[in-house]
Amino acid sequence: MFKLKQILLHKGQGTMLLLLASITLVLTGCTGTENDLGTSTTTPTAAKVTDIPQESADNYDDNVNGLITGNTLKGWIDDWTANRPAGITGKLVILQAWTGVAGYEFIASKADVSVYSVGTSEWVETRSNGVIETRSMVPSGRTVDTFLAKYGIDPANDMIVCAQGTGGGFQNMLAGRCWYMFRYWGTAKENLAVLNGGNEWIGTGTNTNMVQADFSATASTPPLNGSASVKDLAEVNMVLQATVEDMLSVVPAQDVNLLADGVFIWDARGNGTPGTNTNEYSPDDDTDFRNAGSTQGHPNSALMLAYSNLLNSAEGYTYKSKAEIQSYLDGNVDANSVGFAGADLQVVGAGAAYQSGDVVYTYCETTYRAMITGIATGVIMGLPTRFYDGAMYEWHSLSNVVASDGNAILPWDSPWRTDQTSISMFLEHSDPAVISPRNINNAHAASANAIINEDLAYKGVVLDDGANNVIIVDGGASGGGVLPPNPCGG
């Protein structure tokens with residue numbers, strides 16, 4: 001396994017974890033016996049949050065990874081061997097999240113070009129962070145390796161394109177979760193792309209070179225023959241995920257100067273005028289509690305900027321231009337975009353949104369809509385971006401509110417309660433009968449980073465206290481941790 005060192009970066013009143021890129025090699029490879037040192041053909045690098053993002057070209061046609069267009073894809077599928085990006089030695093794999101409209105169901109497969117229809121549940125997994133079980137999290141390493149085997153993908157050599165199929169908001173979210181899963185588990189940015197727009201648009205829209213003959217009614221059959229593993233990927237990109245522990249460390253007090261705190265907490269739940277639908281927080285509506293939640297509200301200092309304003313719905317749900325996204329981030333927004341200041345909603349004015357140097361923390365209810373906001377900041381604009389994967393489903397569950405079983409979800413003395421004014425604005429539902437109990441694993445756990453620790457261990461990477469006996473991800477007190485299982489088994 002690999003032993004990593006860590007540093008903490010203090011910005012304002014928050015603390016953000018950064019992983020040092022330098023690595024001390026303790027044990028590598030899964031060859032030989034458990035007593036052998038073995039050898040490794042790759043040297044892993046631990047990403048800092050600033051290592052993850054990539055900035056798009058102003059003209060999306062010029063991109064060969066990140067956000068790509070149908071024009072770029074056309075060149076690839078016409079002659080993959082001649083036109084594939086420099087450094088890519090494998091095949092082109094297109095993972096389509098949805099079936100396209102009639103006549104444009106799937107991009108057509110060719111030699112060295114495989115197109116697979118991926119189920120919506122394959123991008124997520126219910127997992128425990130050590131405190132609470134949360135649905136729709138990034139899949140575990142074992143699950144991702146099963147995915148790679150099913151579709152015959154080699155993420156170290158293949159070019160992976162996350163596509164929508166039918167253009168739409170949800171389909172964009174699924175394509176984002178595809179990108180997030182691969183990037184989190186160490187796929188290099190050079191091997192990963194998101195296709196801009198749905199199939200019908202890239203086949204018939206303006207400024208497109210693709211034609212109907214480039215599409216097929218059927219997708220490729222999964223070969224079930226993959227042998228690659230995320231353990232073989234050199235990059236360690238777990239910093240892409242912000243845990244609830246990370247969120248608690250960066251959420252400022254209500255009276256902090258939000259323009260100088262070093263973080264931009266983006267609430268992506270908004271999709272219109274506040275309070276008009278169940279996709280949003282509504283401060284005066286006692287019925288707008290999603291997922292049988294215990295509370296409704298938001299972390300302190302969060303800004304709600306509607307994810308839908310980042311997309312061209314009339315143009316195949318493509319992303320808007322960099323200039324338009326930048327203007328939105330600058331606070332040049334319409335009345336559909338609001339800021340959270342304490343318990344009040346307010347329209348965000350010019351200059352009151354993203355500040356240069358901020359790290360973006362984005363979430364929604366289950367971090368689907370936040371995939372759109374995160375792609376906009378982390379893949380198009382090149383801004384350091386982290387996804388709070390547990391999202392408000394998890395955040396609102398971590399409360400002392402009584403659920404339908406007559407028990408409080410968390411005891412009053414749990415250190416993980418978010419239903420406190422020093423942390424967030426919250427509104428408790430008036431009827432416990434509609435609040436579902438949650439699966440609490442340990443209300444007094446020493447850490448809420450069990451998922452990160454599990455995933456680091458799966459890749460053979462351990463963050464420790466220097467004595468190689470305690471896993472530490474957040475820089476908290478030692479103790480309570482154990483050595484991870486041998487990633488090679490045994």
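The values are calculated or read from the model by the stated rules, or taken from the named source; none is laboratory data. It should be emphasised that the depicted structure is a prediction, and the values quoted were computed from it without experimental measurement. Because the Cβ atoms are built from the backbone with ideal geometry, glycine has one as well, and the counts that use them run over all protein chains shown.
Points worth noting:
- All positions within segment 55-70 that are buried (at least 18 other Cβ atoms within 10 Å of the Cβ) and not in a strand (DSSP E or B): 56, 60, 63, 64, 65, 69, 70
- Residue that is nearest to residue 355 (Cα to Cα), among those in segment 294-343 that are at pLDDT 85 or above and among the acidic types (Asp, Glu): 324
- The residues of segment 422-449 that are touching a strand residue (DSSP E or B) at 6+ places or on another chain (Cβ under 6 Å), among the hydrophobic types (A, V, I, L, M, F, W, C) and either under 14 Å from residue 402 (Cβ atoms) or free of Cβ contacts under 8 Å to residues at least 40 places away in the same chain (or both) amount to a single one, 440.
- Among the residues here, residue 405 qualifies as surrounded by fewer than 22 Cβ atoms within 10 Å (Cβ to Cβ), assigned to a loop (DSSP other than H, G, I, E, B) and touching a Pro at 6+ places or on another chain (Cβ under 7 Å).
- Within segment 207-217, none of the residues are over 15 Å from residue 106 (Cβ atoms) and modelled with pLDDT of 95 or more.
- Restricting attention to segment 78-119, the residues that are without any contact (Cβ under 8 Å) to a residue 40 or more places away in the chain and part of a strand (DSSP E or B) total 2.
- Hey, residue 187 over 17 Å from residue 115 (Cα atoms) and either outside any helix (DSSP H, G or I) or in contact with a strand residue (DSSP E or B) (Cβ under 8 Å, 6 or more places away or on another chain) (or both) or not: yes
- Of all residues in segment 136-179 being of a type in the set (Ser, Thr, Tyr) and within 29 Å of residue 441 (Cβ to Cβ), the one that is surrounded by the most Cβ atoms within 10 Å (Cβ to Cβ): 136
- Filter result for residue 433 (at pLDDT 75 or above, surrounded by fewer than 18 Cβ atoms within 10 Å (Cβ to Cβ) and part of a helix (DSSP H, G or I)): yes
- Here residue 421 clears all of (1) under 24 Å from the mean Cα position of the chain (by Cα); (2) surrounded by fewer than 24 Cβ atoms within 10 Å (Cβ to Cβ); (3) within 30 Å of residue 329 (Cβ to Cβ) except the condition numbered (1).
- Pairing residues of segment 120-135 that are crowded, with 20+ Cβ neighbours inside 10 Å with residues that are basic (Lys, Arg), at Cβ distances under 8 Å and at least 6 apart in sequence or on separate chains, gives 123/177; 124/135; 124/177; 132/438; 134/127.
- Criterion violated by residue 354 - all others in (1) buried (at least 24 other Cβ atoms within 10 Å of the Cβ); (2) out of contact with any Lys or Arg (no Cβ under 7 Å at 6 or more places or on another chain); (3) closer than 24 Å to residue 60 by Cα satisfied: (1)
- Matching residues, segment 155-173, being under 23 Å from residue 76 (Cα atoms) and aliphatic (A, V, I, L, M): 156, 159, 160, 161, 163
- Of all residues in segment 388-402, those satisfying the criterion of being touching a helix residue (DSSP H, G or I) at 6+ places or on another chain (Cβ under 6 Å) and surrounded by fewer than 24 Cβ atoms within 10 Å (Cβ to Cβ) are 393, 402.
- Filtered residue count, segment 146-168, keeping only those that are part of a helix (DSSP H, G or I) and within 18 Å of the chain's Cα centre (by Cα): 1
- Selection within segment 122-145 - of a type in the set (Ser, Thr, Tyr) and more than 15 Å from the chain's Cα centre (by Cα): 128, 143
- Failed condition for residue 230, given (1) closer than 20 Å to residue 155 by Cβ; (2) surrounded by fewer than 23 Cβ atoms within 10 Å (Cβ to Cβ): (2)
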